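Some notes on the structure that comes next.
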Amino acid sequence: MTEEAIEIENKAIAKAYKELLKVSYQTLTANDKKLIRHAFEVAVDAHKDQRRKSGEAYIFHPIAVAKIVAQEIGMDATSIAAALLHDVVEDNPDYTIADIERLFGETVARIVDGLTKISSLKKDMDVSLQAENFRKMLLTLNDDVRVIIIKIADRLHNMQTMDSMQTDKQVKIASETLYIYAPLAHRIGLYNIKTELEDLGLKYTEPEVYEDILSKIQDSKEDQDKYIKAFSKVIEDSLNTEGLNYEIKGRPKSIFSIRRKMVKQGVSFDEVYDKFAVRIVYKSDIANEKFLAWKIYSIVTDHFTPNPIRLRDWISSPKSTGYEALHITVVGPKSHWVEVQIRSERMNEIAEKGYAAHYKYKNNDNKDDNLDLWISRLQEALENNEADAVDFVEQFKLNLYSKEIFVFSPKGDLKSLPKGATSLDFAFSIHTQVGMKTRGAKVNGKLMPLSHELQSGDRVEIMTSENVKPNANWLDYATTARARSKIKSALNADTKEIAEEGKEILRRKLKQLKITLNESSVNDLVNYFKLSTSLDLFYRVGIGTIDNTKLKAFASSRSNAFMSYIKNRIRKTDVPKDIDKDEITSKYDMLVFGKEEQHLSYTLANCCSPIPGDKVFGFVTINDGIKVHKKNCPNAVSLQSNYAYRIMLAKWIDSSQQVYTSQITLSGIDNLGLVSDITKLISGNLHVNMKSLSFSSDDGIFTGKITVEVKNQTMLKNLMDKLKKINGIDKVTRV
């Protein structure tokens, strides 16, 4: 570069830096400006030899990211400094995290370290690795949420400047943006950035579609402006009469959202009925905000007929992102549907800046810090490492976009939950320990099952008991990530406890069969019983699924195999034949039907060939009994719509987790405290769940019936033996 060109570039860099200070949303103190200046100087030095693919000096990128962080997201000086430094450690070996901490302190260093970790994740990978890295990225929330906010700003600037990249790279980065970054921006409340990320994502993944919609929006801009003027004219007189200080703006819907509507509704651009929204932003102090919002609502609906089912009141119940507004859809001039958004200036700032504005007003409105709450909830979900990464990301994205319901605690506190949440989800949303000890729930004063789906406005009271603990059925009732991860953790702890007992039982039983419990014999047992791990083996011994008879068969096959080995060859007939993976797996090895989970004869349908673990349903045929199909079988829709009466619920289960209902009758001499002794014994038994009980006493003779759920006969026998030992009980029999 010539000296003249260098001088021009340096002037442009200085101008960009000054602009950054000018556009900052926060008020910057002298110390703030000093910090930002220092960060700028270090970034200039670190990137002095770097250029972007477009040819411009690399330093323009961190300045642009800092500008997004300062202006569009409205973050503080610490965030602006970290944004300027976000690529320094990654791109220049002369700078380390220790250097950043020495120069700028622990907070800036922690944020830069989090950003460096994300950037060091591999870029070329399959979807499951990408998902796993997304999980790791979200774990940095535990360090500092500003890491994610700056990363979103970094991604936005990269998306804005991708023109000089190869097409395949553009598509990859744009797809990742739509898959991960846009939903994340949405959840953090950065709606403007989410919209821009989605539009830019569409620009590179479907360029023809993007350009087509963009040109149509530009062509119709003049008409749109005229329409907004006509709409405003109708209500302006009424608004002015009330002495309101307001502004009416028209806003075209995003290209991405118009595209989504076109695809979802199967319509053309011209047929999408609400391509723009009208926003009324009014000045107000905090005390009168709500009153004025509803006053404007009544003025708008006096002039234009509202669609009653399209009213969204996020002023009385703000979204969990902090978003507040009234949304109404009305029939505007020329009979067009128009979405009208009513917001105060404060609400508008929160909608545009997200949490930065929320913090600015936080002291005035005493609202809960929803961001911290969201991060802690998210952290719990992330710590559940057993979930498959792709499933986790899909579940995470579903939770991001899921509609919210608002339910009340008995004291009148409002809780936000995803649509479809149950009484059990509500219990876990209060506190993990409340969830773990839940024995029942009252919804609007009426006792309801834990699986009951809550509706907005429900008042929910959770009843707890120290004797209750989660069971496998709870996973069928819980829908939120928080509840499911806690239940799984509790069940896993239970499984490990039983497995510890099982290991000692196995050691004793093998000793009787002259076999030592060691790594070799455990591996042989795991292979023999077609299991995945030693934990599965010990657990099955602990609950009695693998009993003496099965262990003797194993010992016999082992000695036969040894004898055959001496004769030079293992005879395959002496050990169980390998089971084809399409027939059975160690995790899902049994099909059950109906709500009662009955064991019935069936055949697997050839059209979709379901395997254990698939989501399935049963279809009752005329000649061939029950045929089992996958839920996404090509014939599923036809069968379910034309022969609904022949469809049976069906699911694959793990037989070791299967529970069986059994009834026990007891009789004996009645004495004080007998019923209490019986219920205490059953409640204290880890592996038995009591479903019902009835007792009666006649002239000193006591009789009782108890229905219990157990995993196998051994457990039932152990329970009956313990019941016989209770003082006063004479006879215990199984019905």
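The values are calculated or read from the model by the stated rules, or taken from the named source; none is laboratory data. Note that the structure is predicted; figures quoted are calculated from it, not measured. Using ideal geometry, Cβ is built from the backbone for each residue, glycine included, and neighbour counts are taken over all protein chains shown.
Among the residues of region 238-249, are any touching a Lys or Arg at 6+ places or on another chain (Cβ under 8 Å) and among the hydrophobic types (A, V, I, L, M, F, W, C)?
Scanning region 238-249, I find at least one residue that is touching a Lys or Arg at 6+ places or on another chain (Cβ under 8 Å) and among the hydrophobic types (A, V, I, L, M, F, W, C), so the answer is yes.
Of everything in region 333-342 that's farther than 15 Å from Pro308 by Cβ and modelled with pLDDT of 80 or more, which residue is farthest from the chain's Cα centre (by Cα)?
Step by step, filter region 333-342, then rank; the result is Pro333.
How about region 661-692: which of its residues are part of a loop (DSSP other than H, G, I, E, B) and either touching a residue at least 12 places away in the same chain (Cβ under 8 Å) or touching a Cys at 6+ places or on another chain (Cβ under 9 Å) (or both)?
Selection gives Asp670, Asn671, Asn685, Leu686, His687, Val688.
Considering Ala153, Ala230, which residue is of a type in the set (Gly, Ala, Ser) and outside the structural domain of Ala57 (by TED's automatic domain parsing)?
Sole residue among the options that is of a type in the set (Gly, Ala, Ser) and outside the structural domain of Ala57 (by TED's automatic domain parsing): Ala230.
I'm trying to understand the selection: among the residues of region 633-689, which are surrounded by fewer than 15 Cβ atoms within 10 Å (Cβ to Cβ), of a type in the set (Phe, Trp, Tyr) and modelled with pLDDT of 75 or more?
Tyr643, Tyr645
What number of residues within region 1-30 satisfy the criterion of being polar (S, T, N, Q), surrounded by fewer than 12 Cβ atoms within 10 Å (Cβ to Cβ) and under 27 Å from Arg346 (Cα atoms)?
2
For (1) out of contact with any Leu (no Cβ under 6 Å at 6 or more places or on another chain); (2) modelled with pLDDT of 80 or more; (3) surrounded by 15 or more Cβ atoms within 10 Å (Cβ to Cβ); (4) closer than 23 Å to Leu531 by Cβ, each residue gets a yes or a no:
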residue	(1), (2), (3), (4)
Ile566	yes, no, no, no
Asp578	yes, no, no, yes
Tyr588	yes, no, yes, yes
Lys595	yes, no, no, no
Thr621	yes, yes, no, no
Val628	no, yes, yes, no
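Of all residues in region 312-340, which are buried (at least 16 other Cβ atoms within 10 Å of the Cβ), within 17 Å of Val234 (Cα to Cα) and hydroxyl-bearing (Ser, Thr, Tyr)?
The one that is buried (at least 16 other Cβ atoms within 10 Å of the Cβ), within 17 Å of Val234 (Cα to Cα) and hydroxyl-bearing (Ser, Thr, Tyr): Thr329.
Hey, among Val330, Val300, which residue is modelled with pLDDT of 85 or more and out of contact with any His (no Cβ under 9 Å at 6 or more places or on another chain)?
Of Val330, Val300, the one residue that is modelled with pLDDT of 85 or more and out of contact with any His (no Cβ under 9 Å at 6 or more places or on another chain) is Val300.
Do you know which residues across region 156-211 are in a loop (DSSP other than H, G, I, E, B), polar (S, T, N, Q) and over 19 Å from Lys67 (Cβ atoms)?
Ser164, Gln166 - these are the residues of region 156-211 that are in a loop (DSSP other than H, G, I, E, B), polar (S, T, N, Q) and over 19 Å from Lys67 (Cβ atoms).
Within region 704-734, restricting attention to residues that are modelled with pLDDT under 80 and of a type in the set (A, V, I, L, M), which residue is farthest from Asn473 (Cα to Cα)?
Filtering region 704-734 for residues that are modelled with pLDDT under 80 and of a type in the set (A, V, I, L, M), the one farthest from Asn473 (Cα to Cα) comes out as Met715.
Could you check region 299-347 and list, in sequence order, the residues that are farther than 27 Å from Ser416 by Cα and either small (Gly, Ala, Ser) or in a strand (DSSP E or B) (or both)?
Listed by number, the residues that qualify are Val330, Val331, Gly332, Ser335, Trp337, Val338.
On the given criteria, is Tyr282 modelled with pLDDT of 90 or more, on the phi < 0 side of the Ramachandran plot and more than 27 Å from the chain's Cα centre (by Cα)?
It is true that Tyr282 is modelled with pLDDT of 90 or more, on the phi < 0 side of the Ramachandran plot and more than 27 Å from the chain's Cα centre (by Cα).
Return the only residue of Ala81, Ala43, Ala16, Ala98 being farther than 25 Å from Thr161 by Cβ, at pLDDT 85 or above, in a helix (DSSP H, G or I) and assigned by TED's automatic domain parsing to the domain that holds Ile148.
One residue alone meets the criteria, Ala98.
Does region 234-248 hold any residues that are closer than 13 Å to Ile280 by Cα, among the charged types (D, E, K, R) and either surrounded by 15 or more Cβ atoms within 10 Å (Cβ to Cβ) or more than 41 Å from the chain's Cα centre (by Cα) (or both), and which are they?
Answer for region 234-248, where residues must be closer than 13 Å to Ile280 by Cα, among the charged types (D, E, K, R) and either surrounded by 15 or more Cβ atoms within 10 Å (Cβ to Cβ) or more than 41 Å from the chain's Cα centre (by Cα) (or both): just Glu236.
Looking at (1) hydroxyl-bearing (Ser, Thr, Tyr); (2) at pLDDT 90 or above; (3) farther than 25 Å from Thr161 by Cβ, can you tell me which one Ser220 breaks?
Status for Ser220: all satisfied but (2).
Consider region 708-735. How many of its residues are of a type in the set (A, V, I, L, M, F, W, C), under 13 Å from Ile682 (Cα atoms) and not in a helix (DSSP H, G or I)?
3
In region 429-447, which residues are part of a loop (DSSP other than H, G, I, E, B), closer than 20 Å to Ser416 by Cβ and touching a residue at least 12 places away in the same chain (Cβ under 8 Å)?
Once the filter is applied, which keeps residues that are part of a loop (DSSP other than H, G, I, E, B), closer than 20 Å to Ser416 by Cβ and touching a residue at least 12 places away in the same chain (Cβ under 8 Å), region 429-447 yields only Asn444.
If only one of Glu345, Glu349 is closer than 30 Å to Phe231 by Cβ, acidic (Asp, Glu), in contact with a helix residue (DSSP H, G or I) (Cβ under 6 Å, 6 or more places away or on another chain) and at pLDDT 80 or above, which one is it?
Sole residue among the options that is closer than 30 Å to Phe231 by Cβ, acidic (Asp, Glu), in contact with a helix residue (DSSP H, G or I) (Cβ under 6 Å, 6 or more places away or on another chain) and at pLDDT 80 or above: Glu349.
I want to confirm something. Restricting to region 586-612 and keeping residues that are touching a Ser or Thr at 6+ places or on another chain (Cβ under 6 Å) and assigned to a loop (DSSP other than H, G, I, E, B), which single residue is nearest to Leu649 (Cα to Cα)?
Pro612
How many residues does region 502-517 contain that are part of a helix (DSSP H, G or I) and either surrounded by fewer than 14 Cβ atoms within 10 Å (Cβ to Cβ) or out of contact with any Phe, Trp or Tyr (no Cβ under 8 Å at 6 or more places or on another chain) (or both)?
The qualifying residues number 8.
Taking region 511-555 as the search range and keeping residues that are acidic (Asp, Glu) and without any contact (Cβ under 8 Å) to a residue 60 or more places away in the chain, which one is farthest from Thr714 (Cα to Cα)?
Glu519
For region 448-483, give me each residue that is surrounded by 21 or more Cβ atoms within 10 Å (Cβ to Cβ), in contact with a Leu (Cβ under 7 Å, 6 or more places away or on another chain) and not in a loop (DSSP other than H, G, I, E, B).
Val460, Trp474, Ala483
Can you name the residue in region 46-73 that is part of a helix (DSSP H, G or I) and among the small types (Gly, Ala, Ser) and, of all such residues, is farthest from Thr161 (Cα to Cα)?
Ala46
Being among the acidic types (Asp, Glu) and over 23 Å from Leu202 (Cβ atoms) narrows it down to one of Asp270, Asp225, Asp219, so name that one.
Only one candidate passes the filter, namely Asp225.
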